[in-house]
Ligand code: ADP
């Protein structure tokens with residue numbers, strides 16, 4: 001039988017935190033409980049730094065209680081120092097071990113000032129998810145909206161390059177980071193903070209901590225839409241992200257190949273499983289227009305994503321051709337929507353942005369994310 005969050009909470013409710021017999025769950029100190037599909041359990045316990053020694057005993061008792069459950073493959077439990085409003089928290093680098101974060105904050109709460117958070121996701125890497133996220137964000141900006149772009153692809157952050165941003169974000173008061181800015185949108189990426197290789201080896205709680213930090217410890221200000229470029233795939237990091245974020249919806253990017261469509265289907269079902277609406281499917285690298293003769297070829301087949309969208313009952317947002325200019329401009333840090341704003345490719349991204357905004361403003365407002373259900 002698979003382990004569920006409820007099993008874990010039940011076990012944790014047998015762990016007393018004080019002499020009065022208050023249990024860990026009732027104490028309100030438990031900030032995250034995540035169970036991934038490999039049977040690993042992660043949670044953190046909020047403490048005051050002065051009670052660290054005593055609470056370490058509680059942490060160990062909690063680990064023992066959860067480890068005793070059948071099918072638990074590992075337990076990652078941390079103590080996190082609560083941070084009273086307006087005070088600083090202990091400093092540590094995001095690349096360092098188990099970074100403390102503002103644990104008292106429920107993870108699925110709305111981000112103050114941010115109206116809608118949307119995810120751009122794909123079932124696998126290399127399908128053009130980041131290129132789509134960045135041009136979609138810029139397309140939303142052309143509608144007159146205030147837009148942020150969060151590169152949560154911690155295993156391969158590409159926004160610094162795609163948006164042509166160099167340097168590091170400034171640290172403001174209370175360890176809040178100021179987002180970088182390019183082409184009128186606010187951008188945050190783990191790529192600004194750590195070397196790519198460092199992010200690649202992150203696992204479990206560190207991934208969760210980094211993502212939560214980029215969502216909540218960044219001065220996003222007032223935004224109509226925050227576009228989140230998700231890590232590719234449908235594993236732990238994506239589920240964590242879906243759980244940690246008040247997502248209003250998700251855009252799935254796929255290429256026309258069958259294989260990619262299978263992955264896209266997995267992406268759709270992952271979001272459906274956590275009850276996040278699918279804003280639509282985008283078919284990227286749909287056709288190839290020969291730059292010499294102008295003839296269109298459907299190198300990977302054609303229409304698959306549109307058919308798949310209709311089969312799955314989700315909107316089809318459009319198709320973007322495989323085009324050398326898109327790649328060259330991306331590599332040069334000048335996304336096609338700003339480099340060739342009147343061109344045909346910008347037109348496709350803007351139309352997608354319009355459809356997404358219509359769906360968002362039509363009532364699919366940001367809401368607390370549901371809990372993960374492990375089947
Ligand atoms: P992912 O985020 O899915 O890994 P990227 O957005 O990084 O994918 O794209 C992978 C590569 O494909 C990049 O070099 C990018 O410039 C290129 N690319 C993406 N979309 C297109 C397109 N429509 N036409 C040409 N090249 C593209």
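The values are calculated or read from the model by the stated rules, or taken from the named source; none is laboratory data. Note that this is a predicted model, so its numbers are computed, not measured. As a convention, Cβ positions derive from the backbone with ideal geometry for all residues, glycine included, and neighbour counts pool all protein chains shown.
In table form, for the structure just shown:
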read-out	value
Residue in segment 48-60 that is touching a helix residue (DSSP H, G or I) at 6+ places or on another chain (Cβ under 6 Å) and either modelled with pLDDT of 80 or more or assigned by TED's automatic domain parsing to the domain that holds residue 16 (or both) present	no
Subset of segment 63-81 (residues that are in contact with a helix residue (DSSP H, G or I) (Cβ under 6 Å, 6 or more places away or on another chain) and part of a strand (DSSP E or B))	75, 76, 77, 79, 81
Residues satisfying the stated conditions in segment 331-348, i.e. closer than 26 Å to residue 360 by Cβ, within 12 Å of the ligand (Cβ to nearest atom) and in a loop (DSSP other than H, G, I, E, B)	335
Within segment 127-178, tally of residues that are within 12 Å of the ligand (Cβ to nearest atom), surrounded by fewer than 19 Cβ atoms within 10 Å (Cβ to Cβ) and closer than 19 Å to residue 325 by Cβ	1
Breaking point among (1) assigned to a helix (DSSP H, G or I); (2) surrounded by fewer than 20 Cβ atoms within 10 Å (Cβ to Cβ); (3) in contact (Cβ under 8 Å) with a residue 40 or more places away in the chain, for residue 328	(3)
Matching option when the condition is assigned by TED's automatic domain parsing to the domain that holds residue 351 and within 10 Å of the ligand (Cβ to nearest atom), among 244, 286, 309, 219	286
Check on residue 277, within 16 Å of the ligand (Cβ to nearest atom) and either closer than 30 Å to residue 111 by Cα or in the same structural domain as residue 324 (by TED's automatic domain parsing) (or both)	no
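Condition check ((1) surrounded by 14 or more Cβ atoms within 10 Å (Cβ to Cβ); (2) in a strand (DSSP E or B)) across all residues:
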| residue | (1), (2) |
| --- | --- |
| 21 | no, no |
| 26 | no, no |
| 38 | no, no |
| 45 | yes, yes |
| 53 | no, no |
| 61 | yes, no |
